[in-house]
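Novice: Just passing along the structure, written as structure tokens.
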Amino acid sequence: MKKYLIAISAILLVACNNTKSDQKPVVPDTPADSTIANMRDSLQIIDSLGNVVEETYSGILPVENSEGIKYDLNLFFQEKSVEGVFSLATTYLKEDNGLDITFYT
């Protein structure tokens, strides 16, 4: 249950952030699939906590003054653990002169 609250909190945090910032998009050196694999590999695995579980959430959040924000959230955790790692890609659709801008967390 706690993992779902963390995921929902992350999504709401992204959805409620309507302010512009000086933050520049981060372009990873590796493709997104490779970044996800690296996040999974960074999870500390303890045999007694069960199998590693991967959950993926994606969708488009409506935004008043643009096309919306597309998000892709990947959660990695063990079955009996309350800790895990995540990968989040948020894409602001048609934000900068009609181009999409993606931020990776």
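The values are calculated or read from the model by the stated rules, or taken from the named source; none is laboratory data. Just so we're clear, the structure is a prediction, and the values are computed from it rather than from any experiment. Ideal geometry is used to build each Cβ from the backbone, glycine not excepted, and the neighbour counts take in all protein chains shown. Just the protein is used for accessible areas: all its heavy atoms, side chains included, with ligands, DNA and RNA removed. Shrake-Rupley method; radii C 1.70, N 1.55, O 1.52, S 1.80 Å.
Novice: Can you tell me which residues in region 46-70 are part of a loop (DSSP other than H, G, I, E, B), open to solvent by 90 Å² or more (accessible area, probe 1.4 Å) and modelled with pLDDT of 85 or more?
Specialist: Selection gives N51, P62, E67.
Novice: Using beta carbons and a limit of 6 Å, which pairs, at least six apart or on different chains, have the first residue in region 50-73 and farther than 22 Å from N97 by Cβ and the second one among the aromatic types (F, W, Y) and assigned to a strand (DSSP E or B)?
Specialist: Here the result reads V53/F77; E54/F76; L73/Y57, each pair linking region 50-73 to a residue that is among the aromatic types (F, W, Y) and assigned to a strand (DSSP E or B).
Novice: How many of the residues in region 78-100 are surrounded by fewer than 12 Cβ atoms within 10 Å (Cβ to Cβ), outside any loop (DSSP other than H, G, I, E, B) and either modelled with pLDDT of 85 or more or among the aromatic types (F, W, Y) (or both)?
Specialist: Number satisfying all stated conditions: 1.
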